[in-house]
Amino acid sequence: MIDYTGNIPTFMKAAQQSDYGEPRNVLTLRENVPVPRELSSKQILVQVNSVSINPIDWKLLNGNLSFVSRYTFPHTPGSDVAGVIVDIGSEVKRFLIGDKVYGNVGVNGGSYAEYVRGDESMFALKPKSLTMDEAAAVPLACETSYQALFNKASPPVSTGSRVFICGGSSATGLFAIQLAVSVGAKVATTCSQRNFSLLEKLGYKITQVQEEIINDDQRQLFVIDYNTKDFGEELKGKEYDVVFDCVGGEQQWISAQKILKQGGQFITIVGDDTKTEMSLKNIATVGSSIINRKFWSVFSSEHHGYIMHVLSQTPEDLDDIRITYIETGKVKPIIDTVYDLQKDGVEALYSLYEKSKSGKAQGKLVLKIAD
Ligand SMILES: NC(=O)c1ccc[n+]([C@@H]2O[C@H](COP(=O)([O-])OP(=O)(O)OC[C@H]3O[C@@H](n4cnc5c(N)ncnc54)[C@H](OP(=O)(O)O)[C@@H]3O)[C@@H](O)[C@H]2O)c1
């Protein structure tokens, strides 16, 4: 048996930020960062193989979300991770040393490193069918969509539900389409022409003509190119049960109300503030518009629910995602780019942050830390 604990070094490589700011100004790769060896009873230490970048990472790095993340510097960022457990606390029940895991260590970060420490509840066994790069691409984006469709939507999305997904080519949108289709929902989405190939890669047949829709063809997706058409006008009165918004901005809500059935729900993971510019004025404006929409969702004749969903990570959800959706082949991650931290250095991380911030990623952005 491999003695993992005996092989753990004292120091490791990690990306560290010295302050809030732009990646090139505040982020460096350090070689002498202490490995977080001290574990509380419920914590595990994971030797990291791969991590993935999410928009929350640059929102946290630039300080726009500093009211939820009061870091002391230097700070190691990163939340999504896949790797191997090399040490466990005395009361860890769910894992053994040597288990391969995937997970999300949350806003306190720490995964852009050779080793990351976290509570066992932040992790679950890695899907056997995925490589480490693929596994690191799943937790945050897939679980967010899973919870929106199956926990927040009421009734949960299931066979026959009519679901519209704003932003079908986004990481969260790509997972949402697959999750909804796999339970038998009828799905339509917005996606630009340049990204149709991502949906085709998942095996979907794209149609942009409503008359061509064949009701019992589960592989068929009705797609609206958001650059040329407004989905609210295109699908006006079509009685959708749920609009799941992975794009944000007020227009998504305005368009959604035209296509939702009475009592249908608009679930957004972004809200109006797509850049997360958390000035006091912005927070006040966003807060009052949410209260306003919630008020009208109760008192207007249409009763359209307005739900702002924020991921609340649970190991049970990650287990269900693995067992029910990934290992059965119903859901898979689409990856835009994999860079290698050992070969490409910190430039790799800068490029991944820039791509994510551009809003033009075509799937998940992955950084390999070790083979
Ligand atoms: N609340 C939560 O817990 C939570 C969790 C995860 C993510 N989020 C948020 O959800 C958002 C999406 O995250 P993500 O990782 O899925 O994003 P992402 O993968 O970076 O999204 C990029 C994709 O969005 C598409 N897109 C951009 N504008 C669009 C529009 N107006 N209509 C349709 N598609 C559009 C782009 O396609 P084109 O190239 O065609 O423009 C691109 O393919 C981010 O704001 C993120 O912070 C929130």
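Values quoted throughout were computed directly from the atomic coordinates according to the rules given, and no laboratory measurement underlies them. Worth saying up front: this structure is predicted, and the values here are computed from it rather than measured. We place every Cβ from the backbone using ideal geometry, glycine too, and count neighbours over all the protein chains shown.
Separation of the alpha carbons by more than 19 angstrom is noted, of Lys126/Lys186; Lys126/Lys330; Lys201/Lys332, for Lys126/Lys186. Among Thr144, Thr10, a tally of other beta-carbon atoms within 10 Å of each Cβ gives an order, fewest to most, of Thr10, Thr144. Measuring gaps between exposed loop sites in the chain (trypsin sites (Lys or Arg not before Pro); DSSP loop; at most 14 other Cβ atoms within 10 Å), the longest gap, sites not included, is 129-218.
Ordered by the count of other Cβ atoms within 10 Å of each Cβ, fewest first, Cys191, Cys142 give Cys191, Cys142. Over the chain, DSSP H runs of length four or greater, each weighted -39,500 (n - 2.57), average out per residue to a 222 nm ellipticity of -7500 deg cm²/dmol.
Taking only the C-alpha atoms of the chain, the Rg (one decimal) and the largest Cα-Cα distance, Dmax (whole number), read 20.9, 66 Å. Listed by chain and number, the lysines whose C-alpha is less than 17 Å from the C-alpha of Lys355, apart from same-chain residues fewer than 8 away, are Lys59, Lys275, Lys364, Lys368.
Spacing of the modelled spin labels on Gln342 and Ile214, each 7 Å from Cα toward Cβ, amounts to 4.9 nm. Distance between the 7 Å Cα→Cβ label points at Ile206 and Lys360: 1.7 nm.
Model label sites at Arg70 and Val310, defined 7 Å from Cα along the beta-carbon direction, differ in position by 1.6 nm. Distance from a point 7 Å along Cα→Cβ of Arg94 to each backbone N in the range 35-59: keep the residues under 12 Å and list them by number. Under cut-off, by backbone N: 43-44.
Taking other Cβ atoms within 10 Å as a rough exposure proxy, Asp225, Asp87, Asp371, Asp57 sort from fewest to most as Asp371, Asp225, Asp87, Asp57.
Over the range 144-197, all Cα pairs binned in 10 Å intervals from 0 give whole-percent P(r) values of 27, 57, 15, 1, listed from short to long.
Label zone (Lys330, point 7 Å along Cα-to-C-beta; backbone nitrogen cut-off 15 Å) within the range 174-195: 175-187.
Please figure out what share of the DSSP beta bridges in the chain is antiparallel and state it in percent, rounded to the nearest 5.
55
Each part reduced to its alpha carbon centroid, the range 349-371 and the range 51-85 end up 14 Å apart. A straight Cα-to-Cα reach below 13 Å connects Lys360 with the aspartates and glutamates Asp336, residues fewer than 8 places away in its own chain not being considered.
Convex hull volume of the Cα atoms of the range 36-83, normalised per residue: 108 Å³. Averaging the sequence gap over all C-alpha pairs within less than 8 Å and six or more residues apart, then dividing by the number of residues, gives the chain a relative contact order of 18 percent.
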